[in-house]
There are 2 protein chains.
Amino acid sequence: MAAQRDQGHNGDQPPATVADAPAREVTARDVPAARERARAIPEAAVARLAVYLRVLSAMGEDGVTTISSEELAAAAGVNSAKLRKDLSYIGSYGTRGVGYDVDVLISEIERILGLTRKHSVAVVGIGNLGHALANYGGFPSRGFPVAALFDVDSDLMGVPVGGIPVEHIEDIESICREREVTIGVIATPPSVAQDVCDRLVSGGVQCILNFAPVVLGVPDHVEVRKVDLAVEMQILSFHVARRADEAQAEVTVDGTRPGVGEAVVGR
Amino acid sequence: MAAQRDQGHNGDQPPATVADAPAREVTARDVPAARERARAIPEAAVARLAVYLRVLSAMGEDGVTTISSEELAAAAGVNSAKLRKDLSYIGSYGTRGVGYDVDVLISEIERILGLTRKHSVAVVGIGNLGHALANYGGFPSRGFPVAALFDVDSDLMGVPVGGIPVEHIEDIESICREREVTIGVIATPPSVAQDVCDRLVSGGVQCILNFAPVVLGVPDHVEVRKVDLAVEMQILSFHVARRADEAQAEVTVDGTRPGVGEAVVGR
DNA sequence: ACGACTTTGTGCCTGCGTTCACAAGCGGCT
DNA sequence: AGCCGCTTGTGAACGCAGGCACAAAGTCGT
Ligand SMILES: NC(=O)c1ccc[n+]([C@@H]2O[C@H](COP(=O)([O-])OP(=O)(O)OC[C@H]3O[C@@H](n4cnc5c(N)ncnc54)[C@H](O)[C@@H]3O)[C@@H](O)[C@H]2O)c1
Ligand SMILES: NC(=O)c1ccc[n+]([C@@H]2O[C@H](COP(=O)([O-])OP(=O)(O)OC[C@H]3O[C@@H](n4cnc5c(N)ncnc54)[C@H](O)[C@@H]3O)[C@@H](O)[C@H]2O)c1
């Protein structure tokens, strides 16, 4: 059973490595005591580090203290060379001939990912999806406490969802500032997503996770990631179509379908 | 206001272009009537095509009949050269000096993405997230009708969610076959995700969208995409940390912080 | 009918990310 | 104490994807 293709998560991101300082001359590049040489970690590697962290946490709870690159790679569904290279971006914490200390690796990855500080989250749009997000225990437990919920619907005001009362969207700037929200999650209808985004930004929010199927415009200093389920579905659909075409083309050519599998049976 | 970085969606995917036929000699590559030369479209491009499709649909409804690469690129938040290259993968449907016909582009992209056939979806795990997904109108409206819901909780059996009754997980294989489900969505707790996945696969499901934070093992002929919100958060967290470090390093060096913006005020 | 303008399609170049393969390093065994 | 084998860390090569810039091509205006 093959492990799933890694997919880099949403991790692909644009072209670049993380170092995108545009024109500045030297800046921090060659600072001696360079605050973390967290410089130039490829975005795709960051996404994988988060996966390694989850796997390592689970291992740690199972009492595993040491792990080799081969084992960890298998558990995370990646190639071991890639895993070692990813880890090498954050430093040399392995012991040759032995492997990595699970606890050490966990704290180093947490440090690089900035998980030593808690990042307060605000969810905007407490509808179907917003409810699920607000109730999701996986955020607080991973260092992302939900600090505020917002909606425009007056029936929802004050109603606690996942233990937190819903507040009015008009108060978003002040509340975000007050509670030092760093991550805003947009789960509103697409039509108001840009407006909500602008308000979040003016409330000092630095990062946005957007579920609404629209392209958001933001200032340079704000980071946006989007989760677009329809796009995910369509990518899957593309693969189905491609397989069907391929299978058919092969049959056309030589009548055999080597190793593709029996999935296309019915059609 | 800068458009958000494109992020390729989950679209990064592994290394490769989509043509991963391993050893086969010629196959369909040079078949004359090559069923779609949908060969070798980069995965990242596929993800963007889905975005273009959404933008185009919206434009079409607004009565726009023709659009230039520049306009479409702006609306989709990408570079116009990249957009033209993406469109060139599916053929030449533009008119020089004029632009693209919106309707033509829509049908060509739909064709390539395999949206001409409807893909039935099954959602497994009708908890917080499963409810939201089952109620989401964005799937059916984009050609992904929800054909079945599954859970293990007996209290949920027969209860309609989003108009569809929940069925028991034990029946998943037969129902998936019967209703020709091609896409399975996993929204169960992580501990049972692999088991659910195996059942979906043996029910003939070819594609899986996985929300549970685990790495799924599947046969080669099955395509998995995962949506891991904790990973998304951690990537955002990483960027916050990096910015903070960079800002601090710059202050250390020369005391000025050119153009980064005023987001880091509080800290 | 012809010219000028607009916009596409793409060849080329650059740069990132992945993979391979191996030397360096460390623990354990004898 | 020294050697052997295992595993890390990384130098180098490769391949894909992105972006530039321009020639081809078609339209619109005169
Ligand atoms: N439900 C899903 O599974 C799902 C899946 C993928 C994407 N999405 C996207 O997520 C978003 C939310 O989906 P949903 O199903 O939860 O929709 P929903 O209609 O159930 O919820 C939207 C909520 O946003 C609130 N809202 C409306 N305008 C607002 C404003 N100006 N400020 C603050 N809140 C406002 C509404 O009161 C409502 O509570 C949509 O953009 C949708 O496309 C949802
Ligand atoms: N809620 C969110 O916003 C959110 C966000 C990100 C990820 N996730 C992930 O999505 C998954 C679901 O989250 P949730 O919040 O909806 O959890 P939940 O506990 O509300 O729902 C899980 C559902 O799965 C059902 N289930 C359990 N075992 C099953 C089985 N063997 N077969 C079929 N169904 C079974 C349960 O009865 C329950 O209805 C989890 O893996 C979670 O980590 C959820």
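Where a number appears in this text, it was derived from the coordinates with a stated rule and is not lab data. Please read all numbers here as calculations on a predicted model, not as lab measurements. In this analysis, Cβ positions are derived from the backbone assuming ideal geometry, glycine residues included, and neighbour counts consider all displayed protein chains.
Taking a cut-off of 18 Å, what percent of all Cα-Cα pairs in region B:121-227 are separated by more than that?
On the way: 2285 of 5671 pairs.
So the portion of pairs separated by more than 18 Å is 40 percent.
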### Separation of the A:Ser174 and B:Val104 label points, Cα + 7 Å toward Cβ, nm
5.6
### Query
Based on the alpha-carbon gyration tensor of region B:49-151 and its eigenvalue square roots a ≥ b ≥ c, which shape applies: rounded if a/c is under 1.5, prolate if not and a/b is larger than b/c, or oblate?
prolate
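Using the number of other C-beta atoms within 10 angstrom as an exposure proxy, rank A:Met157, A:Met59 with the fewest first.
A:Met157, A:Met59
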### Task
Find every distance from the label point of B:Glu178 to the corresponding label point in the other copies (7 Å from Cα along Cα→Cβ) and write them in nm, one decimal, shortest first.
5.5
### Cβ-vector label at 7 Å, A:Glu70, separations to other copies in nm
5.8
### Query
How far apart, in nm, are two points set 7 Å out from the Cα along the Cα-to-Cβ line at A:Lys118 and at A:Ser191?
3.8
### Query
Roughly speaking, what is the centre-to-centre gap between region A:198-247 and region B:199-250 when only Cα atoms are used, to the nearest Å?
13
### Summary
If labels are modelled 7 Å from Cα along the Cβ direction, B:Gly127 lies from its partners in the other copies at nm distances, smallest first, of 2.4
